[in-house]
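Remarks on the structure that follows.
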Amino acid sequence: MPQAQIIDGRVFAEHLRGVVAAEVADLRAKHGLQPGLAVVLVGADAASEIYVRSKGEHSVAVGMHSLTHKLAADTPQAELLALIAALNADPLIHGILVQLPLPKGLDERAVLAAIDPEKDVDGLHVVNAGRLASGLPALTPCTPLGCMIMLRETLGDLTGKRAVVVGRSVLVGRPIAQLLLQADCTVTIAHSRTQDLPAVCREADILVAAVGRPQMIRADWVKPGAAVIDVGINRVPSRDPEKAAAGKTRVVGDVAFKEVSQVAGWITPVPGGVGLMTVACLLKNTVTAARRINGLTAA
Ligand code: NDP
């Protein structure tokens, strides 16, 4: 049986962080400009704390100015909006990220809408979503951006390829579909109401799974030789029954990796694939925002 080539997120992310670090050094040396990223965490969700710490550490490591604001879970909406307004006005800050999900009682849409679109490095403001859908330059959500970088660098020109994206969320499915369309793919967006999903997936030269269902995509859903991008991050019980009984979990994707890698041409593992590119793309977006805000063209 053929074995798919692994698209190694670790290698891509390390390379991208190196590129960003060089760009930051260049901006500082030539323009006295240090890109700045502010991350806002509301509440004490354990997973969010880890993500936020990682974002802060990586932004410092590439030479950026990094700010983390930790607010209590019961922070009033007005206080959070006032902080965002202050960050919008802060000339040292070029990227603002509010870690999601927000605690109950806070209006996520209103909070995202309050971020200056020029500093919206998560790409979730409707202005950026609209610009992306219109084919205009936009700050693009980080996970989709990471998927596209890996696809382009692995496959080269994507023109004319059949792409199927399973999932239509604002955060992942829709922006990935837009980016694939911009790359001249023929794109199908599938979702929970799609009929005969396996047959739809089998049409794909590029199959992106962004569903949130552990190992849903099976080998017989995949066209031989296809590139399979697994965005899913799902916690399932540990394989070891004792550990599982103690509540230990492991992370799997939306794709049944072992069997699909017997059919696909390329595949991203979970962990070790798409997830690692997400933070690297956040850094890239912050540099892009800093350049645009200061009227500088891309390096
Ligand atoms: P959402 O729950 O917002 O969206 C899931 C999508 O999958 C929906 O469009 C839904 O369809 C569709 N769907 C659900 N069940 C089925 C099914 N049985 N058949 C077909 N389609 C289905 O999830 P996200 O987009 O936010 O995240 C998707 C996955 O990606 C999750 O595992 C998440 O943890 C992971 N993720 C990973 C990131 C990373 O950095 N690697 C970043 C962000 C997310 P419908 O719209 O009809 O309900």
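The values are calculated or read from the model by the stated rules, or taken from the named source; none is laboratory data. Quantities reported herein were computed from a predicted structural model and do not represent experimental measurements. Methodologically, a virtual Cβ is constructed for each residue, glycine included, from the backbone with ideal geometry; neighbour enumeration extends over all protein chains shown. Note: areas computed on protein heavy atoms with side chains; ligands, DNA, RNA excluded. Shrake-Rupley method; radii C 1.70, N 1.55, O 1.52, S 1.80 Å.
Structure above, values below:
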{"quantity": "Residue of 200, 260, 251 that the Gaussian network model of the chain assigns the largest fluctuation, springs spanning Cα pairs under 10 Å", "calculated": "251"}
{"quantity": "Charge dipole of the chain about the Cα centre (unit charges at C-beta), most positive-ward option of 266, 112, 27", "calculated": "266"}
{"quantity": "Debye, to nearest 20: dipole size of the stretch 199-252, +1 on Lys, Arg Cβ, -1 on Asp, Glu Cβ", "calculated": "220 debye"}
{"quantity": "Heavy atoms of residue 125: accessible area, 1.4 Å probe, square angstrom to 10", "calculated": "20 Å²"}
{"quantity": "Portion, in percent, of the accessible area of the stretch 32-117 that falls on carbon or sulfur, probe 1.4 Å", "calculated": "60 percent"}
{"quantity": "The chain: calculated mean residue ellipticity at 222 nm from DSSP helix runs of at least 4, using -39500 (n - 2.57)", "calculated": "-13000 deg cm²/dmol"}
{"quantity": "Scaled radius of gyration (Cα, divided by 2.2 N^0.38 Å) that the stretch 30-113 gives", "calculated": "1.11"}
{"quantity": "Crossing angle, helix 173-182 versus the chain [Cα axis fit, 0-90 degrees, rounded to tens]", "calculated": "90 degrees"}
{"quantity": "Å³ per residue enclosed by the Cα convex hull of the stretch 152-208", "calculated": "69 Å³"}
{"quantity": "Student exercise, the chain dipole from Lys, Arg, Asp, Glu Cβ charges, in Debye to nearest 20", "calculated": "300 debye"}
{"quantity": "Helix axis angle, 46-61 relative to the chain longest principal axis, alpha carbon, degrees", "calculated": "70 degrees"}
{"quantity": "Gain on full stretching of the segment that runs from residue 88 to residue 203 - 0.36 nm per residue minus C-alpha separation", "calculated": "37.0 nm"}
{"quantity": "Low-density loop cleavage sites - trypsin sites (Lys or Arg not before Pro) in the stretch 152-212, where at most 13 other Cβ are within 10 Å (DSSP)", "calculated": "193"}
{"quantity": "Among the listed pairs 70/243; 223/258; 223/243; 161/258; 258/284; 248/284, those beyond 27 Å (Cα-Cα)", "calculated": "70/243; 223/243; 258/284; 248/284"}
{"quantity": "Cα-based helix-to-principal-axis angle, 77-89 vs the chain, degrees rounded to 10", "calculated": "80 degrees"}
{"quantity": "Cut-off 12 Å between beta-carbons: net charge of the residues surrounding residue 263, Lys and Arg +1, Asp and Glu -1", "calculated": "+2"}
{"quantity": "Rounded to the nearest 20 debye, dipole of the stretch 112-256 from Cβ charges on Lys, Arg, Asp, Glu", "calculated": "420 debye"}
{"quantity": "Convex hull (Cα only) mean projected area of the chain, reported in nm² to one decimal", "calculated": "16.4 nm²"}
{"quantity": "Range of Cα positions in the stretch 122-246 per principal axis (Å), largest first", "calculated": "52, 33, 31"}
{"quantity": "Rounded to whole Å, sorted largest first: equivalent-ellipsoid semi-axes of the stretch 207-299, Cα gyration tensor", "calculated": "33, 20, 9"}
{"quantity": "The stretch 51-82-the stretch 240-275 distance, computed between alpha-carbon centres (Å)", "calculated": "30 Å"}
{"quantity": "Selection from 173, 144, 246, by position along the positive dipole direction of the stretch 142-276 (Cβ)", "calculated": "246"}
{"quantity": "Rough spin-label spacing in nm, given labels placed 7 Å along Cα→Cβ, for residue 294 and residue 258", "calculated": "5.1 nm"}
{"quantity": "Mean Cβ count within 10 Å, highest first, over the residues of peptides 84-90, 244-250", "calculated": "84-90, 244-250"}
{"quantity": "Cysteines in the chain lacking a second Cys C-beta under 4.7 Å", "calculated": "147, 185, 201"}
